[in-house]
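The values are calculated or read from the model by the stated rules, or taken from the named source; none is laboratory data. These figures come from a predicted structure and were not determined experimentally. All Cβ positions, even for glycine, are placed from backbone atoms using ideal geometry, and neighbour counts span all protein chains on display. Surface accessibility is based on the protein's heavy atoms, side chains included, excluding ligands, DNA and RNA. Shrake-Rupley method; radii C 1.70, N 1.55, O 1.52, S 1.80 Å.
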Amino acid sequence: MYSIFDGNLGGGLASVAVILLAIYTSGIVSGIKPTLPQKQQPLTITKAAILTQYHQSFIPTVLETVLSIQKWAQKQFHALFSSTVVPSVVNDLNADFPPDVHPWPSFRANCENTGFVAVRTVSKLSGSGGTADGSYYWSFQTGRGIFSVPAISADGRVLIGSADRKFYALDEKTGRPIWHITTDEIIDSAASLHKTNVIFASGDGHIYNASIATGQISWTFAAHHRQDSPDQHLGLTCGGGGTGAGSSTSSNTNALPAAIVNTNNNNNNKNAGIISAVGGTSTWFEGQVTISTVNKDDTRIYVGNDDYRLYSVHANGTEAYSFYPGPLPYGTIWSGPAVTRSGSVIGTAMNGKYFKLDRNGKCIWFHEEMNSISSGPAVDADLTMVFVGAWNGIMRGVNHTNGQTLWTFSAGDSIYGGVAVDAARRRIYFGSQDGVFYALNSVTGKSVWRFRVNYPIRTSPALALDALYFGASNGMVYALEPESGLLIWAFDTTEDLDHREINASPALGHTSVIFGSEDGRIISIPYRYCVDKKTAKSDTRCINNDKITSNTTATTDIIADGRNLYYIHPGGKISHEIPDAFPIIGDFHIRLLIVTDNKTRAAHILRATADLSPPIGESLTIEYLSTSGSILVKHDRVPFLESATRYNLTVTMFDNSMASTKRVFSFMTAANDDGDTGVFPQSIIPIPNDVSGDSNLTVAAAKVLHFYNLKPSYPPSWISLNQIGFDSVNLLISVIHRITPLVNLRQAKNQNSKNSVIQYVVWIAAGLLNQDGSIISLDPTMPTLATGVLTIHTGGGGGGTAFSLSSQFSLITGGPPIPMTGFTVSAVFDTGSQSFGNVVKNSTSSGSKKTQSWMSWSSWCGDSISSLIGAIQTNMCSSRGRIVSVGAVRGRIYEENEGEESFIGRVARGWTVKEVIVKSGGWIATEYNVVVRIINDGGGDDEIPAVFGIVLFDERRQVPIHVDYGSAMSVSIVEKNTAVVLRLVVPGVLLNIAAGSAGVAGGVLGKDLLRVIVMINMYPAFNSIVNVDAVY
């Protein structure tokens, strides 16, 4: 670890450092001394600054003789001061790294979070393999998305966690898996290396200490400050609070004495005495792991948690203290703190707090940004400044001693990631959600240069002596020249256009830059892969100066200056045109981009119009998307678009600059393929029309639709808030009833349509992946229980069957529930692969095809805690007071194998519905009570609890009645695993609409108007029309 420590310098190292500093300051060797900004004072000459400046002053043009001294001195430096020294191993990867030093040991490479390592990358001479040291590109596929950063060990191991709940160790040169550890939840926290061990944290609320070599776990530590836990008021805080020791499963349980209660009330602590410590809603570890060794006897591990705590843990797994930054509006800690050589800890929290503690957790200073901070602070070389970026787009240069702001800089949108600190050039580098990568003077905060990529940048950059590396949400990884900001190379990682974002920050290994991707891959790109002729020319994914004409915008989606309208693909790709072969069920996401001076300006759409020619018989609906300058143009779902038809979509937007922008998009819809049967998979439709009894509840019928990899691309802040949470959602959908077409159904208006539709009522529940990731079960802890309508279209999918699903429910992704009013998924189902939203190989050729999917939902700003946070802190609230979300989703047919542990079909066979009653209540039927009695005849599985539900269906209008089942339905266990009573209380207005419109006297629900469907797991155990006060 590249931490700098106080104390006497070793004689040899001190001499070398002083000589090198003298060479640097005198400029005797050409190219060593970089050009500093005018009127800039030199660094303060301290022992620590000598070492740090030595580390950061060399650039690629230094004479080879001086470089050899550098390598020798670097090895001496690490041998004396590194906290991550490991036993010497055979290391032929890269001579720039001493053999016993971890190249990238933590999230930001060192305790100060500078994101810098003093090695050459692209400027190294090529090896025999055509790239530096003969390294090659590789990727490794995990089961779900990756938002964390790899740690890279001295012996060439890549250590990283995934949302598939596994923590992996891979071979750095080949990507070959060596071992993995399966945890009980997703992992989106970066690990840190300490000697021969790796320490990582999981969403299951535990910190793990494991051997780098074998994966053997030596201890775990459990977070414990939940809202409902006995110690919820314990923990240090800058506003008063209690103390307490943590829990540990270590073999060494001798915890140190409890930390001292903080009583600091200096002027820097504005909130002293106001905040009282409380526990969080969960104990997910989302903070990055930071390890600091102040002296050989005191190694500390720091990790932030969703329980509103920053934990400080000793090397033996016992708790030193926990710090509480306050809960409001959401006091979770996603960042990794910076730790100085004296042991001071500088941290941030999602409630906008940033603070400095001493090594015992006592508050030194405490300030507030009034907006979320997800990035960890970085400390400059001479310990005078701290750099903190926030979601309001403000980057701050803060006084290290007292936390006072020295300068601010405003980016065009949220700042999610941290900075890279360039001490030699006195610069910091960072990206923003506005699609711009910035270089600032670290002393003044003034802009030096910027590089535009047009897509959100959430990664924290990695800085070497000769290059800057970062990724963006367009699937590109970039290497820039630190001095000028010009492009060295870029690499396009895209395999699936709708799931390609690079939001996991890069790490610099021995020969390659290594990072994770949204689609679950771990990718290694050799530093010179896109520079050396042998590989750069042959791999079309590489972009460099020989392949493009402009360095200021390196992307396959060139965005012109001025005001222009663009079509946005479901996954977020910006396109000049709506593509031909457009599926007949697609939505139109149109965005206004205003670019001036190589910077995108936010556009607020005040009014918009849209017209489609030829018309489809129904008016278009326009939804306004936050402040991203976007609108969503939707059409009625029943008639759809016609297949094989040329359409013109005319869109006009009027924005807050009082200007109007208009454009006509021309596109052709998809034709029916010869091989397309136009039939949705019958395997998920176990009934021709109706269900009664349990005759259809068989293992053969245990097939459901499985929605996964939910990806809300707009507003972009959804990804910043919860990429991994959405990606980890599993929705299970089963068909439970066929809807009878009505005479006035809108599809009848289009008598000449070449297309036809069929509709079903579906049941939606939350699924849960088992640890091996191969089996899905119902998740009783996340009851996303809702009904919906599945509309199947028999043609025009362009290689599959088009369908749409509509519903409304609240989704739990690890934080507060997210209301999804008007949730819609439209997709093209590929009958060959039994999936949609995926890239699938063609059966008749060596190529592949992409089956499209669209996902959208909306909610009122303030509908829930999550909506309120989104409205206030992320600018997701539109001018119409709604949060409208657009994205993509993947899906497949999920089938339980006969004989395996069944959570969907086999359990249901043990239960039987014995009685269903609907009773009116309140004043003139202001509410209805649905009571269902269910018994178990012994055929079920006592080890697996069943999940129950009730669906109400309006027979007159042929629509399901949407009810918040999570809050309206109660389950009473009469006898364990034997008898259950369900009670559903429904507001009378939901049912009396049908009664009143049918002319029933008194507005009370009449006969033959209500159908009740009782769900046990994913299939209907009872389906019948019921009347009030009758027993069934």
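Consider region 640-663 and keep the residues that are surrounded by 19 or more Cβ atoms within 10 Å (Cβ to Cβ), more than 30 Å from residue 830 (Cα to Cα) and not hydrophobic (A, V, I, L, M, F, W, C). The one that is modelled with the lowest pLDDT is 655.
Residue-by-condition table, conditions (1) at pLDDT 95 or above; (2) under 26 Å from residue 527 (Cβ atoms); (3) basic (Lys, Arg); (4) in a loop (DSSP other than H, G, I, E, B):
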{"position": "164", "(1), (2), (3), (4)": "no, no, no, yes"}
{"position": "184", "(1), (2), (3), (4)": "no, no, no, yes"}
{"position": "190", "(1), (2), (3), (4)": "yes, yes, no, yes"}
{"position": "215", "(1), (2), (3), (4)": "yes, no, no, yes"}
{"position": "228", "(1), (2), (3), (4)": "no, no, no, yes"}
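Just give me the residues in region 460-481 being farther than 20 Å from residue 118 by Cα and either free of Cβ contacts under 8 Å to residues at least 60 places away in the same chain or assigned to a loop (DSSP other than H, G, I, E, B) (or both), in sequence order.
At the first step, the residues of region 460-481 found to be farther than 20 Å from residue 118 by Cα are 471-477.
Passing the criteria: 471, 472, 473, 474, 475, 477.
The criterion of at least 2 residues that are at pLDDT 85 or above is met, among strands (runs of 3 or more DSSP E) falling completely within region 801-844, by 801-811, 818-829. Of all residues in region 177-199, those being closer than 26 Å to residue 99 by Cα and in contact (Cβ under 8 Å) with a residue 60 or more places away in the chain number 8.
Look at region 576-604: where a residue is more than 22 Å from residue 434 (Cα to Cα) and a partner is outside any strand (DSSP E or B) and of a type in the set (Ser, Thr, Tyr), sitting 6+ places away or on another chain with Cβ atoms under 8 Å, you get 584/643. Note on region 484-516: residues that are crowded, with 24+ Cβ neighbours inside 10 Å and among the polar types (S, T, N, Q) amount to 4.
Taking the conditions exactly as written (out of contact with any Phe, Trp or Tyr (no Cβ under 9 Å at 6 or more places or on another chain) and either under 23 Å from residue 505 (Cα atoms) or not small (Gly, Ala, Ser) (or both)), does residue 405 satisfy them or not?
Working: out of contact with any Phe, Trp or Tyr (no Cβ under 9 Å at 6 or more places or on another chain): yes; either under 23 Å from residue 505 (Cα atoms) or not small (Gly, Ala, Ser) (or both): yes.
Criteria met by residue 405.
Every condition in (1) modelled with pLDDT of 85 or more; (2) open to solvent by less than 10 Å² (accessible area, probe 1.4 Å); (3) within 29 Å of the chain's Cα centre (by Cα); (4) over 30 Å from residue 116 (Cα atoms) is met by residue 277 except one, and the failing one is (1). Taking region 585-626 and the strands (runs of 3 or more DSSP E) fully enclosed by it, no element has 2 or more residues that are over 24 Å from residue 411 (Cα atoms), open to solvent by 10 Å² or more (accessible area, probe 1.4 Å) and of a type in the set (Lys, Arg).
Every residue in region 132-150 that is within 23 Å of residue 190 (Cβ to Cβ), surrounded by fewer than 20 Cβ atoms within 10 Å (Cβ to Cβ) and at pLDDT below 90, please. Correct list: 143 only. Looking at region 321-359, which of its residues are among the polar types (S, T, N, Q), surrounded by fewer than 24 Cβ atoms within 10 Å (Cβ to Cβ) and at pLDDT below 90? Result: 342, 351. Among the residues of region 988-1005, none qualifies, meaning not one is open to solvent by less than 50 Å² (accessible area, probe 1.4 Å) and at pLDDT 80 or above. Residue count for region 446-504 satisfying the condition of being under 23 Å from residue 394 (Cα atoms), under 15 Å from the mean Cα position of the chain (by Cα) and not basic (Lys, Arg): 10.
Using the structure shown, decide if residue 916 is among the aliphatic types (A, V, I, L, M) and either under 28 Å from residue 766 (Cα atoms) or at pLDDT 65 or above (or both).
Criteria met by residue 916.
Of everything in region 664-689 that is surrounded by fewer than 18 Cβ atoms within 10 Å (Cβ to Cβ) and part of a strand (DSSP E or B), the residue that is modelled with the lowest pLDDT is 668.
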